[in-house]
Amino acid sequence: MPSETMDRDYTYEGIRLHCTEEGEGRPLMLLHGWGCDGKIFDSVRAFFVEHFRVYTFDFAGFGRSEEPREVWGVEQYTRSVEAFARENGIERPILVGHSFGGRVAILYASRNEVEKVMLVDAAGVKPRRSARYYWKVYSYKVAKRVLPIAVGRHRAQRIIDRYRAKTGSSDYNNATPMMRAILSKCVNEDLCHVMPLIKAPTLLFWGEHDTATPLADARRMESLIPDAGIVTVRGGSHFSFLDDPGLFLRVAESFLVGTADK
């Protein structure tokens, strides 16, 4: 008989957050990437629900969760998940984090007891930036200060918006002003210093051609997390679990299901 899906709204720092709960067994948390919500896992969630008690989160500012009222970093996002775990008596969860959700999984696992961790094309290694990147960033900041004085506020805003549309990432351009500030903060947070604190077995599932979080990031994580290994998806992108869901589910079953059955 199919498991009933329960919608769970909860509050952290005055922000209403949303989570769904379904399945039976050991707790497993699905943590989505930036610009997505928990629905990104729809094509693979049935497998997890078959074996686990699954908690699928919408992070603050995404899906059915409210946007933060101040600039959050990875710390606040992680605390919001920790608060839910405490309120609901969730102990030693399994964490599956994609992209930005990987950041939360890394920080959570570094200071809480967890069963196992799957990091899927996860963020957490601060990207290396070229001189051209820094020139672009600082030119943009200077333009925001100088243009309103030179050409007036309204015209300056039109120029800045056009420039941002041409040069900014889609995640940045599609975000609200608050979420843009949060993205800028989170993207520049390096979590390498907490990776050695992760005691749980960790599997890195990665797209061979991931350009958002390159395979080099996975190798860096593998070198820092004491008990970690990599599975690479040939030809895979930043959404490797959607590129080859069959492989993803076989790997997840091999790595995780034995844990749930003990």
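The values are calculated or read from the model by the stated rules, or taken from the named source; none is laboratory data. Treat the numbers as computed from the prediction; the structure is a model and nothing was measured. Cβ atoms come from the backbone with ideal geometry, glycine included; neighbour counts cover every protein chain shown. For the accessible areas, the whole protein counts, side chains as well, though only heavy atoms, and no ligand, DNA or RNA atoms are used. Shrake-Rupley method; radii C 1.70, N 1.55, O 1.52, S 1.80 Å.
List of remarks:
- Count of residues meeting criterion [within 16 Å of residue 54 (Cα to Cα) and among the β-branched types (Val, Ile, Thr)] in segment 1-38: 2
- Residue match in segment 208-231 (condition: more than 24 Å from residue 73 (Cα to Cα) and open to solvent by less than 10 Å² (accessible area, probe 1.4 Å)): no
- Some residue of segment 177-188 being modelled with pLDDT of 95 or more, of a type outside the set (Val, Ile, Thr) and either open to solvent by less than 20 Å² (accessible area, probe 1.4 Å) or touching a His at 6+ places or on another chain (Cβ under 8 Å) (or both): no
- Checking each residue in segment 189-198 for being open to solvent by 40 Å² or more (accessible area, probe 1.4 Å) and either free of Cβ contacts under 8 Å to residues at least 60 places away in the same chain or within 14 Å of the chain's Cα centre (by Cα) (or both) picks out 189, 190, 193, 196.
- Candidates in segment 232-250 are the residues that are open to solvent by 20 Å² or more (accessible area, probe 1.4 Å) and part of a helix (DSSP H, G or I); of these, the one that is nearest to residue 50 (Cα to Cα) is 249.
- Odd one out for residue 93, checked against (1) surrounded by 22 or more Cβ atoms within 10 Å (Cβ to Cβ); (2) at pLDDT below 95: (2)
- Strands (runs of 3 or more DSSP E) contained in segment 1-83 and holding at least 3 residues open to solvent by less than 30 Å² (accessible area, probe 1.4 Å) and among the aliphatic types (A, V, I, L, M): 27-31
- The requirement of being open to solvent by 70 Å² or more (accessible area, probe 1.4 Å) and either within 19 Å of the chain's Cα centre (by Cα) or at pLDDT below 95 (or both) is not satisfied by residue 116.
- Within segment 47-66, residues that are under 13 Å from residue 95 (Cβ atoms) reach partners that are open to solvent by 30 Å² or more (accessible area, probe 1.4 Å) and of a type in the set (Gly, Ala, Ser) with beta carbons closer than 6 Å, at six or more positions or on different chains, in the pairs 52/25.
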